[in-house]
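The values are calculated or read from the model by the stated rules, or taken from the named source; none is laboratory data. These numbers were taken from a predicted model, which means no experiment stands behind them. Cβ sites come from the backbone with ideal geometry, for glycine too, and all protein chains shown count toward neighbours. For the accessible areas, the whole protein counts, side chains as well, though only heavy atoms, and no ligand, DNA or RNA atoms are used. Shrake-Rupley method; radii C 1.70, N 1.55, O 1.52, S 1.80 Å.
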Amino acid sequence: AMVNVKMASSKSARMTASILRGRIGTRSSVARASAVPDLSTYRRSLSSPASYSKTEDIVKPNAAAVSSVTNSPPTPESAYQYTSAYNPSAPEPDYPALGPTSKLNLFSAINSAMSTAMSTDPTAIVFGEDVAFGGVFRCSQNLLEEFGSHRVFNTPLSENGIAGMAVGYASAGGTAIGEIQFADYIFPAMDQIVNEMAKFRYRSGNQWNCGGVTLRAPCGAVGHGGLYHSQSPESYLAHTPGLVVVMPRGPRCAKGLLLSSIRSKDPVVFLEPKILYRSAVEEVPDADYEIPLGKAEVIREGADVTIVGWGSQLRTLQNACELASKDGISCELIDLRTILPWDSETIIKSVRKTGKLVVSHEAPITCGFGAEVVATLQQECFFYLEAPIQRVCGFDTPFNLVFEKYYLPDEKKNLDAIRMVMDLSR
């Protein structure tokens, strides 16, 4: 089998083969007649002479390109070539041209994206804890009825197993959409995510990859989650070369970003702010569309101060910008959208215009991803800065249930930071 031949030492591959033998390899005749072949058929197809050229097109690198890199001194560029397939050239969607829209909340937009992906990719499967009945947040509702139990199924309560299965299935050419029920519980899966998923392309010299993996995970504060159901782990994940880390701010953004993530050639961790599942409602195109990964979006133009955030924090920052406008302060608000790789160029361009920067996120301030933004902007925009950069973030404590409203970086804290940089620049 391709998994065993190529990655015999990989725990994820061994576990995936055993799981898939039970999950896919023992289907009924009705299931076998579906668009997704069982694993044994897929393995036989890989072993047939007719498949050799096709397989080589998928998993064999260009020999000349490999030779040119391996026979020359390594550079950061050549190392990155074998770390990621990321290509930032995709255009933003033309929303008016996409046609009819529907009013959707965030979980419905996520559901629409997964349904679209599964309709267009017969190898796509959805799996995780309780996803078969729709998941605790209903993001996968009706997918079982639409696509069958061989493509939408529950797993044991094992985040490490979910991530390991995703790696193995994607390494064999499939599209794996796994759900980690809460981002707080992604940490048991970090071995598979960091040491297998993120390094799969690099360790093989780009001969094969597990780019078909997307792990979805609800994250962030929800009003009553306490310390085990409120965390924002994006900075842990962003420290891992080879991953793509995404966090949408609303339904329309979420559908396009999730479709891009599922179809990306890199493994993606897709963090979904769970407080927005029902509270955020937008007109979302019914069509199939993608939003480019690795590109920030300027959602409010301004001249006085640059404000940067991501995920549900954008709602807070929009309110802060409105309050600042009453003081005559013009704020440029930027949604990072993709945490890794992040779009530094858009932020740099804005700060060189405004001369001031405020970065805000829910996660604790120490080593939060805002620190990376600040360090980069301090380096690239030092002579343009008119005031010290401000960070408005969560506290360096476990997430507190009783004092959640004091822990969160709300619009008042952000407004104070905006006023501070304006006062310091005068």
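Close amide H pairs (under 5 Å, H built 1.01 Å from N) link Val152 with Val126, residues at least 5 positions away or on another chain.
Stretched out straight at 0.36 nm per residue, the stretch from Val281 to His239 would grow longer than its current Cα-Cα span by 11.9 nm. For the range 218-231, backbone phi angles converted through the Karplus equation (6.51, -1.76, 1.60; θ = phi - 60°) give residue-by-residue couplings of x, 9, x, 5, 9, x, 8, x, x, 6, 9, 9, 9, 7 Hz, Gly and Pro being listed as x.
If R0 equals 22 Å, the separation of the Cβ atoms of Gln378 and Arg203 corresponds to a calculated FRET efficiency of about 0.05.
Which order do Asp343, Asp130 take by accessible area at a 1.4 Å probe, largest first?
On the way: Asp343 20, Asp130 55 Å².
From most exposed to least exposed: Asp130, Asp343.
Close amide H contacts of Ala280 (hydrogens built in the peptide plane, cut-off under 5 Å, sequence separation of 5 or more or a different chain): Leu106. Of Lys199/Lys405; Lys265/Lys356; Lys356/Lys405; Lys199/Lys255, which pairs sit farther than 30 Å apart, going by alpha carbon to alpha carbon? Listed pairs above 30 Å: Lys199/Lys405; Lys265/Lys356.
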